[in-house]
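Enquirer: Here it is, the structure, as structure tokens.
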Amino acid sequence: MLIELKRNETVQDYLKDGQIAIVKFATTTCPPCKMLKPIFEKLATDEDLKDVVFIAADANEHPQAAMYQVSSVPTLLFFKGEEVLGQNVGFVPEKPLHDFLKKLEKEELANVQ
């Protein structure tokens, strides 16, 4: 499931206890963001990741970018419920991102950061 976060919505509106979510803060002008966008959208429809919530927000427009101290884009935040497990700054290829999310779902990672 892919959610395009509107300014009046918060990340927390879409987080559920125990569920893995990934939030992408990006802009429309940054080249790595443009490269990540189709990968993020494809993974959001991947049947293998159907229980992961994918949330996209514009880092220039959404107020929560500052709350999460997003200073570079793209920034990916990984959640389990409302707990931030970690983050990644910069482009991530499809396969490593997919594999990482599967490990998060299976709780195979002790400490993401």
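Enquirer: Within 18 Å of V11 (Cβ to Cβ) and crowded, with 20+ Cβ neighbours inside 10 Å: does that describe A57?
Expert: yes
Enquirer: Here is a list: L36, L85, L76. Which entry is part of a helix (DSSP H, G or I), of a type outside the set (D, E) and touching a residue at least 24 places away in the same chain (Cβ under 8 Å)?
Expert: Exactly one of L36, L85, L76 is part of a helix (DSSP H, G or I), of a type outside the set (D, E) and touching a residue at least 24 places away in the same chain (Cβ under 8 Å), namely L36.
Enquirer: If you scan the stretch 75-104, which residues turn out to be on the phi > 0 side of the Ramachandran plot and polar (S, T, N, Q)?
Expert: none
Enquirer: Would the stretch 6-17 turn up any residue that is part of a strand (DSSP E or B) and either of a type in the set (F, W, Y) or surrounded by fewer than 21 Cβ atoms within 10 Å (Cβ to Cβ) (or both)?
Expert: no
Enquirer: Right, something else. Take K37 and decide whether it is over 17 Å from K6 (Cβ atoms), of a type outside the set (S, T, N, Q), surrounded by fewer than 18 Cβ atoms within 10 Å (Cβ to Cβ) and at pLDDT 95 or above.
Expert: Against the criterion (over 17 Å from K6 (Cβ atoms), of a type outside the set (S, T, N, Q), surrounded by fewer than 18 Cβ atoms within 10 Å (Cβ to Cβ) and at pLDDT 95 or above), K37 qualifies.
Enquirer: Among the numbered criteria (1) in contact with a Leu (Cβ under 9 Å, 6 or more places away or on another chain); (2) under 23 Å from K103 (Cβ atoms); (3) surrounded by 13 or more Cβ atoms within 10 Å (Cβ to Cβ), which one does I3 miss?
Expert: (1)
Enquirer: For the condition in a helix (DSSP H, G or I), at pLDDT below 95 and of a type outside the set (S, T, N, Q), what is the one hit in K95, K103, K42?
Expert: Matching residue, one of K95, K103, K42: K103.
Enquirer: Continuing with this model, one more query. Given (1) closer than 14 Å to L5 by Cβ; (2) assigned to a strand (DSSP E or B); (3) small (G, A, S), identify the lone condition not met by A65.
Expert: So the condition that A65 fails would be (2).
The values are calculated or read from the model by the stated rules, or taken from the named source; none is laboratory data. As the structure is a prediction and not an experimental result, all values here were calculated from the model. Ideal geometry is used to build each Cβ from the backbone, glycine not excepted, and the neighbour counts take in all protein chains shown.
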